[in-house]
1. Filter the range 97-125 for residues that are modelled with pLDDT of 95 or more, among the acidic types (D, E) and either surrounded by fewer than 14 Cβ atoms within 10 Å (Cβ to Cβ) or assigned to a strand (DSSP E or B) (or both) and give the result.
2. Regarding L89, is this residue crowded, with 24+ Cβ neighbours inside 10 Å, within 21 Å of G46 (Cβ to Cβ) and not hydroxyl-bearing (S, T, Y)?
3. Quick one: count up the residues across the range 1-54 that are aliphatic (A, V, I, L, M) and modelled with pLDDT of 65 or more.
4. Name every residue in the range 55-96 that is among the aromatic types (F, W, Y) and modelled with pLDDT under 95, in order of residue number.
5. If I ask for residues that are touching a Ser or Thr at 6+ places or on another chain (Cβ under 7 Å) and of a type in the set (D, E, K, R), which ones from the range 116-138 would you list?
6. Take the residues in the range 44-86 that are of a type in the set (K, R) and not in a strand (DSSP E or B), then tell me which one is surrounded by the fewest Cβ atoms within 10 Å (Cβ to Cβ).
7. Limited to the range 80-139, what total is found for residues that are aliphatic (A, V, I, L, M) and in contact (Cβ under 8 Å) with a residue 60 or more places away in the chain?
8. Within the range 87-96, count every residue that is of a type outside the set (A, V, I, L, M, F, W, C) and in a strand (DSSP E or B).
Amino acid sequence: MKARQLLVFGVALFLAGCGGGGKKGVEIAVPCRVTWTATGVQVKPGQRITIQARGELKGGGFTFGPEGTAEHPEWAKYSVVPEWPHLALIGKVGEDGDPFLVGKSFSGQVVRGGELFLGVNDLDAENNDGTFHATVVLE
């Protein structure tokens, strides 16, 4: 547990710019077996965030990238947000924040502050396998 706390603290310092100017990013591993993953990244209200994602998720006998799939509309009932591609990479700021679609990439200004969570648009994620890797840049 102590190693996790140090990692979260290190990520926060890195993203805050303690080590030089310029835009810096941090890589976050997002396991596809859980719906939401706490990243340890703290976002301020009004801050711009950019996320680039890659990786593979295996589920339902198929392999998907962070853009998920709209090819199986019958799976929508298992999605956090049914209107978005199932198994896509999603995010939210704060545990009770509104989800936003990340897919392969996202860039936008956040309304509220708090910890960034990344996850999979899947309410029943335990049957998935794989990991998405997201590079997060705060401006």
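1. Answer for the range 97-125, where residues must be modelled with pLDDT of 95 or more, among the acidic types (D, E) and either surrounded by fewer than 14 Cβ atoms within 10 Å (Cβ to Cβ) or assigned to a strand (DSSP E or B) (or both): D98, E115.
2. In short, no.
3. Final tally of qualifying residues: 11.
4. Once the filter is applied, which keeps residues that are among the aromatic types (F, W, Y) and modelled with pLDDT under 95, the range 55-96 yields F62, W75.
5. Scanning the range 116-138 gives a single hit, D122.
6. Within the range 44-86, the match that is surrounded by the fewest Cβ atoms within 10 Å (Cβ to Cβ) is K77.
7. Matching residues across the range 80-139 total 11.
8. 2
The values are calculated or read from the model by the stated rules, or taken from the named source; none is laboratory data. What you are looking at is a predicted structure, and each value in this text was computed from that prediction instead of being measured. Methodologically, a virtual Cβ is constructed for each residue, glycine included, from the backbone with ideal geometry; neighbour enumeration extends over all protein chains shown.
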